[in-house]
Structure formats: C-alpha cells, structure tokens
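Below you'll find the structure, written out as structure tokens, and then a few comments.
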Amino acid sequence: MTDLVLEQAVTFAAQSASLLTFDSFLLSVAAKIAFALGLFFVVPLVGGYMEHKVMARMQHRRGPVEAGPFGSLQLVADGIKFIQKEDIIPRAADKWVFAAAPGVALVPGMLIFLVIPLGPGVFALDLELGLFYALAISSISVLGILMGGWASANKFSLIGGLRAGGQLIAYELPLILAAITVAVQAQTLSLVGIVEAQSTFMLPGTDINVWFVFPQIIGFGIFFIAAMAELSRPPFDMPIADSELVFGYMTEYTGIKFAMFLLTEYGGMIIMSALMVVLYLGGWQLLPGVPLPGCDGAGGLFDCGWLGTLAGVGITLGKIMALVFVMVWLRVAYPRLREDQLQRMAWIVLVPLALLNLAVVTVAKVVF
Amino acid sequence: MTTTEPAPGGVPDNEIFVDGADWEDVVDAVVDDTITVNMGPQHPSTHGVLRLVLELDGETVLRVKPVVGYLHTGIEKNAEYRTWVQGTTFFTRMDYLAPLHNELAFCLGTERLLGIEVPERAQVIRVIMTEFNRIASHLVWLATGGMELGSTTMMTAGFREREHILDLFESQSGLRMNHAYIRPGGLAIDVTDDFTQRCEALLELLPKKIVEYEDLLLRNPIWNDRLRGIGIIDAERCYALGVTGPLLRAAGVPYDLRKAQPYSGIERFDFDVPTETAGDSFARFLVRIEEMRQSMRIIRQALDVLPGGPVMVEDREIAWPSQQALGPDGIGNDPEYIRHIMGESMESLINHFKLVTQGFTVPAGQVYEAIESPRGELGYAITSTGTNKPYRVHVREPSFVNLQAADEMSSGHMVSDVVVVVASLDPVMGGVDR
C-alpha cells in the first residue's frame, strides 16, 4: 500500500516536473525566482492597462493615450513618477512599521506566483500543499495593510486599516471553504494536480469531460465575490473608499511606498484570477477534453512540445485577463457597499452557502 | 450595529464647539472614548470646502458638526458697492451650479423695485434657460453623488450630458457658467437663430440619457441598499429647520415656488410637482430624476409659445447696453452700435457713458423675491435707498439652510452614510458661504 502511494507520488512528480528545473541547483533557483518576479511585475501591468482602457471605454472616455503606443506604457510612466516623488513619513508615524508595511503587503504576492501553473510544465514549484500555501501566504497581505493603517497616525488610515482587517477576515472564510471544496473534488491540494484532475473529470454517469466550474458554479461565484472583497476591489473598496476615508490605509503614503500598495492590488487581481483559472476553469486547457497541440502523447497534460507549452501559457493568461475584465466590469457597474452590508453578506449569505456547497460536493464525491 | 437615536430637536447634550480654535482643543473637549474626525475642508467628498467634524463611536456617527465659511466670498457685501447691473455678475457666482437662478431672483427683485414689466419673449427665455439650468444642476448632483458612492460611471455620464446644456448656455450667453445673461429689465442679448433647434436637440437627447441613468441605478441593488432608509427627514422637521426643495418634496410636501408663487409666467405651463413620502435619500433621488423630466415638459411648452419681440425693456435709462453681439470671447458691444454712438449720435454716447459709469437708480424700497432653485427656495431680500447701488442684498440660500439638517439626518448612521446624506443634501458651498 505504502509502496503504491509512493510510486504514484514519484510518477506524479516526474510527470509534473517543472520546465524551470535544470541540472544546476543555482540555475534552477535563479530561473524560478526570475519566473515569479517576472510574472509579478509584468502581468499586473497588463491587467492594470486593461483596467484603464476597459473602464474608460465603458465610461465614454478614451483612457491613457499618450505614454507609449495606445497609452500602453502609462503604468510604467506612473511607476517612474512615483519613484521620483518625495518619500514622506509623518512625524507622528511609527517609522519602522510605516516603512515596512508596503513590503509586508507586497511580498506575499510574489511568493504566490511560485506555485501558480501557467502552462504544462510552466511553474516554479509544484507543492503538494500548493493550494494551502497560496491561501496561507495571501492572508499575510492583510498584516501589511493593518500595519500601514495603524502606523500612519491618521484617523482615516486607522479606520481604513480596521475596515480592511474586518473585511479580509470575513471573506477569508468563504474563500477558503470554496477552495477546499475544489480540493475535495480533485482529491489533491496541488495546483498542478487540480488542473490535471479537471482534465479527467467526467460528469457523473456520462463521459463528458467538464471543468470544476460546472459542478461547482456556486463555489465559483462565492470564490469570485470573496476574492473581489479580499482585494478590496470596488464595489468592495471600503478600506480605501476615497469619498469617505480619503484613501483609507494608504492616505499617508507617497511615492514608491504608495506604488507598492497599488502594485499589491493589481498583483492580487492577477493572483486571484489565476487561482480561479486553476481551480475552476481548467488551467491551461483550451476546452474541456481538448488537448493542446502536442499534448496527446504518453505524457498526458504535461509532456507537450514548445507549441503546446506556449499555447498553454497563452490560454492561461487569456483566461486570467477575462476574469480581470469581469472585475473591471463590476467596478464600473456598481457603487460601493457599506461596511455592515458587506459583513452581513459574508456571514449570512456566503459562509452558509459555502458550507452547504462543501457538504453537497463531499456527499456527491462519496456517492459517485 | 448600535444606533443612537437623534437627540430630540437635533440638539445634542454635549455639543462639539468648533471655531477657529486649535484642533487639539477640539479633540480634548470630547471627554468620552469616541474619536473625533475632521472631514474636510479638504476632503474628496465634501463638495468643495465643507468641513464636517464627526464624532464617532467605532463607525457609528454620534454627531456631525458642519463648519462653513471656507469659501466666503463677500459677494453680498461687495454688491453694496456695485451698480445694480454689476450685481448680476456677482450673484451669478454664488451658487455656481445654478447661476441663472441667482441672476433671475436678483433681477426679479430689482424689477419689482423699478416697477417695470419685462417683455414676454424675455420671460419665456428666462423660463427655458432656468429650467435647463435646473436639469444641469441635477445632473451634477447625480454625477457627484454617484461618484461619492463609488459609481464613477454615473459621474462621467452626468457630466457628459451637463456639458451639452452648458454648450447651449455658451452659445447664447458666451459663457459656460457665471453668465450674467439675465439682467434687470430683460436679457443681455437675444437668443441666436438656432436656439429652438438646439433646445429641441437637447430635449431629444436628455430623456434617453435619463433612462440610461435609471437603468444604471434605479434597480441597482447596491444603490438601493445604500440610499434607502438613509438620512430620513420628515415634513415636520423640514418645517422646523426651514428645509425646502427636493428634500421637502421627498418628505411628501408638494411645495414648489413655481406653483406657490409663480414667476416669469411659469404658471402658464403645465407641469407636476413630483413628491415622495419616504423622506430618505432614495426618495430624493427619485424626486430629482422626475424633476428633470418635468423641467423638460416646461421647456417643450415654452418653446411652442416663444413669442417674438424685444428681450429688453424699451426704457433707455435701464436697458444697458442696449445692443450687444456674441463675439468669439463672450458677449460684447455690437460693432453697429459702437459706430452709432461713436460716430453718429452724441446723445447716445452720453446715455451709454452714464449707464456704464453710474448705472440706473432704483426707487427706495424693500422686496423679498424668491424662486425655486434646484436646491430649494432661493430668496433675495433687497433694500434700496434710491441710489444706483443696492443698500443691502441678503440672500436666503437653500444650500445653507438645508445644511442645518445634516446632523439630524446622519446621527446614528455610519460614516459611509454621512457621505450619502451630504450628497443627497446637494449643498453648493459657493451658495452656503456667499
């Protein structure tokens, strides 16, 4: 029995070997760090540019047009501007905590990109506990936000930080419950394993291959709403709420520190979208049951030629951007909720629904 | 959520006293373990420079203290040193979202003192322009109110349509805002030939756009949740505080000065006074949306009856300057007229010179003339001692009076609701501080 499990694990590990693993240990580490950092600094910019443009189009504006072709370098220009700005620390602020907060909020985002699979073999690490790791690390961000809110010595920052704390705690629960349900269905916590499980998951009683979004449409909805709330994206942007709290926990931040908070938000959008793609939308598969070009060999999902690999990365990024698009769309369509309405929605609607979802899926898993 | 009942009569037991004192003293004066937050005068949602001192228990608002005066312009006092015509150019800058209403109220008062009757064409154009101004003002309210609740789409949409109305104003008066278009005795200049066309194009466009706003907001669950039951004020308290305008009508009182004390012949037109009974922010939203529709009804009828004739009284002693033309940079004297006074008629030149430098005199007396501005009863109490300048002009500004209700409407709600309450009050600080 033990041997069998071990054998499976070894086979699985061999199958899901990362393309970023080289013979040289140092080279592997360097490649993986470069991968995560590259993702973290490039993809959010694309997402941010898309937000600028899509939002502008939906609001009868043109969006950025000056910086770069079609304004595509606007966020880069913004970043350069932020670096040049004076770095102000309020006299009453708790200096070290104030300075550390943006970093504490930012770094977890980078770490999560280590486990997110972008395509067949295109990931830095395939942890057995990948999902657990991602959810655990993402919770650290709130610490940075609370630190920023508290250390700023500003009442608006304080209220914003506390709102963020309350909001993230409330929405962590439905988020994790929804994610656990996927893990139960896939019977693995590995993100690569979850993608693989979706490629072989059949609707009970049929031989139609579907992604987890079909049996778990409710879970997907819960995850999506909770992810938006976790990210403080409008309509859940009460921690920032510019018309009430000036800029919430970011009020006192200037220059590069402010930019780090902004990057955290955009990075978070990408991370949450990527998690949804992996958990519910079949990862790098184009359509359920349709293998990528070059992927129909013995290696299954993982042994693809360069064409299949590239196509897989493209498909994942495309799905991520589609989800970002929906997030922007919701931002344009809805005003901001109130803090108590938000809490009520989390505790009275989402948590019971997520528990019910978990129960139903677990029972179904046992029955079929 | 713990809610605190608003104190009876709106007077809290231990009042926060805010004057020019040091902020630390203000904070120290509050003894219990609440926090005092200074919202404004520089704050993203306080409509210019309104300052609200909030006393919070957690997120629950115990008290709101509006502090005004940061935009004090001294317009009322200044007007005492300006001729009657120059006064128009000042008052138009008070409530800058309803400039034509300010001009109209001042001119109606002046005309009553002068005892003159304005030509009918001028009256009808005044009605058309002020009703368009009401729509523009409500659009800004919708836009800024939407933005304050996080609906940035409403903001861009509202300002987009308002721009069309301002285009109309610019084409007729030369200026987007602060027109000084309505003058004692009539209008500064007659409308252009394409005026009717322009108005009709707007009447074509705006109803469609209002439907769009309703699509965006009316059944939007979050918009409903945020507005319903927030900032309730009933008719009784409206009377007590002198609150007028959409706030009073949203509390169920069909009081509209256009019906109660008609001016500029507005009684000839058929329109309804929309009312709601809830008295909350959502009711005010509905009332304002419907008011835009009613304003368009009035404009449509007014365009149908727009008569010909002069737009200024015949009296050469008052009609200053009698001939004007719309130039590229606003209105100025007509070249024909310049030729006439400079080259042909000495008497005309003298008349022009006297009118420009001294203005006309207004018989001694006192009037109070009120009209329905987008924000409520806008009244001008004018005293003349028979000279070429007003002795005193006091303005009853609806923004200022309505702002009194802010505390009563927000106490017991949350911080986020203060923003909703202030937005639904729709104060314009230029009008509040004068």
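The values are calculated or read from the model by the stated rules, or taken from the named source; none is laboratory data. Just so you know, these numbers come straight off a predicted model, no measurement behind them. Because the Cβ atoms are built from the backbone with ideal geometry, glycine has one as well, and the counts that use them run over all protein chains shown. Please note that ligands, DNA and RNA were not included when accessible areas were found on the heavy atoms of the full protein model with its side chains. Shrake-Rupley method; radii C 1.70, N 1.55, O 1.52, S 1.80 Å.
Some notes on this structure:
- Criterion (more than 14 Å from every other protein chain (Cβ to nearest Cβ), part of a helix (DSSP H, G or I), closer than 23 Å to B:Pro246 by Cα and open to solvent by 10 Å² or more (accessible area, probe 1.4 Å)) met by exactly one of B:Leu100, B:Leu104, B:Leu166, B:Leu108: B:Leu108
- Looking across region A:240-276, not a single residue is assigned to a helix (DSSP H, G or I), more than 30 Å from A:Ile176 (Cβ to Cβ), of a type in the set (A, V, I, L, M) and within 14 Å of chain B (Cβ to nearest Cβ).
- Residue within region B:333-340 that is in contact with a strand residue (DSSP E or B) (Cβ under 6 Å, 6 or more places away or on another chain), under 27 Å from B:Leu104 (Cα atoms), surrounded by 21 or more Cβ atoms within 10 Å (Cβ to Cβ) and not aromatic (Phe, Trp, Tyr) present: no
- Residue in region B:179-211 that is farthest from the other protein chains (Cβ to nearest Cβ), counting only those that are surrounded by fewer than 18 Cβ atoms within 10 Å (Cβ to Cβ) and in a loop (DSSP other than H, G, I, E, B): B:Asp193
- Residue-level check: of (1) among the hydrophobic types (A, V, I, L, M, F, W, C); (2) open to solvent by 20 Å² or more (accessible area, probe 1.4 Å); (3) more than 23 Å from the chain's Cα centre (by Cα), B:Leu217 misses just (2).
- Among the numbered conditions (1) within 14 Å of another protein chain (Cβ to nearest Cβ); (2) farther than 21 Å from A:Ala151 by Cα; (3) of a type in the set (Val, Ile, Thr); (4) open to solvent by less than 30 Å² (accessible area, probe 1.4 Å), the only one that A:Ile225 does not meet is (4).
- Scan of region A:13-51 for residues that are open to solvent by 60 Å² or more (accessible area, probe 1.4 Å), modelled with pLDDT under 80 and among the β-branched types (Val, Ile, Thr), ordered by number: A:Thr21
- Single condition B:Ala423 does not satisfy, out of (1) within 14 Å of another protein chain (Cβ to nearest Cβ); (2) at pLDDT below 85; (3) crowded, with 21+ Cβ neighbours inside 10 Å: (2)
- Qualifying position, being in contact with a Leu (Cβ under 6 Å, 6 or more places away or on another chain) and either away from every other protein chain (no Cβ under 14 Å) or surrounded by fewer than 22 Cβ atoms within 10 Å (Cβ to Cβ) (or both), among B:Val118, B:Val37: B:Val37
- Taking residues in region A:306-327 that are among the basic types (Lys, Arg), and partners anywhere that are outside any helix (DSSP H, G or I), the pairs with Cβ atoms closer than 8 Å and at least 6 places apart or on different chains are A:Lys319/A:Leu281.
- Residues within region B:379-410 that are touching a residue at least 40 places away in the same chain (Cβ under 8 Å) and among the polar types (S, T, N, Q), tallied: 6
- Residue within region B:126-138 that is within 11 Å of another protein chain (Cβ to nearest Cβ), in contact with an Asp or Glu (Cβ under 9 Å, 6 or more places away or on another chain) and over 30 Å from B:Phe360 (Cα atoms) present: no
- Selection within region B:380-416 - within 14 Å of chain A (Cβ to nearest Cβ) and crowded, with 24+ Cβ neighbours inside 10 Å: B:Ser410, B:His413, B:Val415, B:Ser416
- Restricting region A:312-332 to residues that are over 17 Å from the mean Cα position of the chain (by Cα) and open to solvent by less than 30 Å² (accessible area, probe 1.4 Å), the residue that is farthest from the other protein chains (Cβ to nearest Cβ): A:Gly312
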